[in-house]
Each structure stands twice: as structure tokens, then as C-alpha cells.
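The values are calculated or read from the model by the stated rules, or taken from the named source; none is laboratory data. Since we're looking at a predicted model, the values are computed, not measured. For neighbour counting, all protein chains shown are included, and Cβ atoms are generated from backbone atoms with ideal geometry for every residue, glycine included.
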């Protein structure tokens, strides 16, 4: 193996490792965004259920972890929505739904962009793997690399 081939092989290997690391990070980010999407979608479902109810009516409220509590609606026309940093605002259900739907749309765009980046990086990693294998085969004198069965 020449020094030039060794340097090229090392460069491709390092790029592969970086691509794999970035793929892992992107996958984690996609999963986090998906958790938010699921959470916001659940919130929309609850708001839609509350819209159907009248003041004083009781309903089961999901508090997470498949745990429900019976709740009596004191004012089903108003909800309190967290907007970050422990700040909460009171809104009508329609205002809260509109805000959550807007957040949901933004999250879905973010997930789609991350997924596209993931696919692009995956194709690049595959290309690097092909280059690495071709160079390794060339260095070995054209003989195909040993394969384990």
C-alpha cells in the first residue's frame, strides 16, 4: 500500500465515521421532534373533546402514562396554555387550537427537513462505503475482500 493510498483510505474512513455520527444525531433529533408532534396531536384531540362538552359536565382526562382522572369542566370555553419558560396564558379553545396547530405544522416541517437531511447523509455514507471498499480491493491487488458468512 502506497502512502497516498493509505492517506486516502484514512480520509475516507474518517469521513465515514463522521457521517455515521451525524446520522445518529439526526436520528435522535427526528425522534425528539416526533415526540413533540405526538404530544401536540394529543393536545389537539383533548381540545376537540372539550369543545363537545358543556360547563359542569364530567369527562376523563388523560394525564399521561395511560392514567386518567375524572374532571368536571368549570369553564370549557377557556384553557390555559404554556408558552415556554413556565409562562402560561389563558385562551379560548379556538385560539389554543390555532396556536397548537401552527406549532404542529412547524414541527412537521422541521421533521421533514431533518428526514431529508438524514436521507441525503445516508446516501453520502453509502457512497463513502463503496469508495472505501473499492479502494481496499484495489490495494489488495484486485482480489475481492474476504467475506464472512
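Out of (1) within 30 Å of residue 16 (Cα to Cα); (2) exposed (fewer than 13 other Cβ atoms within 10 Å of the Cβ); (3) at pLDDT 95 or above, the odd one out for residue 108 is which?
(2)
Anything in segment 46-59 that is without any contact (Cβ under 8 Å) to a residue 24 or more places away in the chain and surrounded by 11 or more Cβ atoms within 10 Å (Cβ to Cβ)? List them, or say none.
Passing the criteria: 46, 49, 53, 57, 59.
Given the conditions (1) more than 30 Å from residue 125 (Cα to Cα); (2) part of a helix (DSSP H, G or I); (3) touching a residue at least 24 places away in the same chain (Cβ under 8 Å), which single one is not true for residue 30?
(1)
Of all residues in segment 1-27, how many are in a helix (DSSP H, G or I), free of Cβ contacts under 8 Å to residues at least 12 places away in the same chain and over 17 Å from residue 128 (Cα atoms)?
Residues meeting the conditions: 3.
Please determine whether any residue of segment 110-122 is in contact (Cβ under 8 Å) with a residue 12 or more places away in the chain, outside any loop (DSSP other than H, G, I, E, B), out of contact with any strand residue (DSSP E or B) (no Cβ under 9 Å at 6 or more places or on another chain) and under 30 Å from residue 2 (Cα atoms).
Yes.
Which of the residues that make up segment 46-66 are assigned to a helix (DSSP H, G or I) and touching a strand residue (DSSP E or B) at 6+ places or on another chain (Cβ under 9 Å)?
Hits for segment 46-66 are 46, 47, 49, 50.
Output yes when any residue across segment 21-39 is more than 27 Å from the chain's Cα centre (by Cα), at negative phi and surrounded by 12 or more Cβ atoms within 10 Å (Cβ to Cβ), and no when none is.
No.
Determine whether residue 64 is surrounded by fewer than 12 Cβ atoms within 10 Å (Cβ to Cβ), modelled with pLDDT under 95 and within 24 Å of residue 111 (Cβ to Cβ).
yes
Among the candidates 125, 136, 99, which residue alone is closer than 30 Å to residue 14 by Cβ, within 22 Å of the chain's Cα centre (by Cα) and surrounded by 12 or more Cβ atoms within 10 Å (Cβ to Cβ)?
It is 125.
Return the residue satisfying two criteria in turn: it lies in segment 67-96 and is part of a helix (DSSP H, G or I) and out of contact with any strand residue (DSSP E or B) (no Cβ under 8 Å at 6 or more places or on another chain), and of such residues it is surrounded by the most Cβ atoms within 10 Å (Cβ to Cβ).
Looking at residues that are part of a helix (DSSP H, G or I) and out of contact with any strand residue (DSSP E or B) (no Cβ under 8 Å at 6 or more places or on another chain), I get 95.
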